1. Does at least one position in the stretch 109-118 carry a residue that is within 15 Å of residue 87 (Cα to Cα) and open to solvent by less than 40 Å² (accessible area, probe 1.4 Å)?
2. Kindly indicate the residue of the stretch 132-151 that is outside any strand (DSSP E or B) and either modelled with pLDDT of 95 or more or on the phi < 0 side of the Ramachandran plot (or both) and also surrounded by the fewest Cβ atoms within 10 Å (Cβ to Cβ) among those meeting that condition.
3. From (1) part of a helix (DSSP H, G or I); (2) among the polar types (S, T, N, Q); (3) open to solvent by less than 100 Å² (accessible area, probe 1.4 Å); (4) at pLDDT below 75, pick out the condition that doesn't hold for residue 53.
4. Please go through the stretch 88-104 and pick out each residue that is without any contact (Cβ under 8 Å) to a residue 40 or more places away in the chain and farther than 21 Å from residue 130 by Cβ.
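The values are calculated or read from the model by the stated rules, or taken from the named source; none is laboratory data. The structure displayed is predicted, hence computed values, not measured ones. Here Cβ is always computed from backbone atoms with ideal geometry, including for glycine, and neighbour counts include all displayed protein chains. Heads up: the accessible areas ignore ligands, DNA and RNA and are worked out on the full protein's heavy atoms, side chains in. Shrake-Rupley method; radii C 1.70, N 1.55, O 1.52, S 1.80 Å.
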Amino acid sequence: MLLFYKKNFVMNGIDFKIVMKNFNSKSVNLFLFCFIFCQMLTSQNLNNQKNNNRIIAENELEIALSKKSVNNFSQKETIIKDSLSAISIAETILFNIFDKTSILEQKPYDIHHINNYWIISGILPKGYKGGTFLIIIDDRNSEVIRITHGK
């Protein structure tokens, strides 16, 4: 009979530590088998759930692309209500396309809200040569209408 059993292992990216006292080796082996088997079942269920979620997401995308009228909000309503939100959205997009430092150097931005569109452009400091960015975003659905960057 084992008086003390300790085992560390990793399964599915999770660290496990098993400590048992007063168990014989058959009990330990049976416990480990059951534990590992349960982990495998759980892992398989998580993979199945991820696959099911992907199928649902693909179906939702197909519906959204085929029927523009299925949106659950009116596209007449403004969802980007203030300049700070517009700038946050614009920067997120611009930083993924252009050099972040280059975009930030163009602050303070020139921003206007005209007929449900946010028009945001960079401003170069005096003495700098080069172009600035321009991004136009629909305030009703966050659609990017135009992105440019001069040279």
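1. Yes - at least one qualifying residue is present in the stretch 109-118.
2. Of the stretch 132-151, the ones outside any strand (DSSP E or B) are 132, 139-143, 150-151.
Then drop every residue that is not either modelled with pLDDT of 95 or more or on the phi < 0 side of the Ramachandran plot (or both), which leaves 132, 139-141, 143, 150-151.
Working: 132: 18, 139: 21, 140: 16, 141: 14, 143: 11, 150: 11, 151: 5.
Out of the qualifying residues, it is 151.
3. (4)
4. Applying the first criterion (without any contact (Cβ under 8 Å) to a residue 40 or more places away in the chain) to the stretch 88-104 yields 88, 91-92, 95-96, 99-104.
Across the stretch 88-104, the qualifying residues are 88, 92.
Table: residues versus (1) modelled with pLDDT of 95 or more; (2) over 16 Å from residue 119 (Cβ atoms); (3) surrounded by 11 or more Cβ atoms within 10 Å (Cβ to Cβ).
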| site | (1), (2), (3) |
| --- | --- |
| 64 | no, yes, yes |
| 68 | no, yes, no |
| 72 | no, yes, no |
| 75 | no, yes, yes |
| 79 | no, yes, yes |
| 82 | yes, no, yes |
| 87 | yes, no, yes |
| 94 | yes, no, yes |
| 101 | no, yes, no |
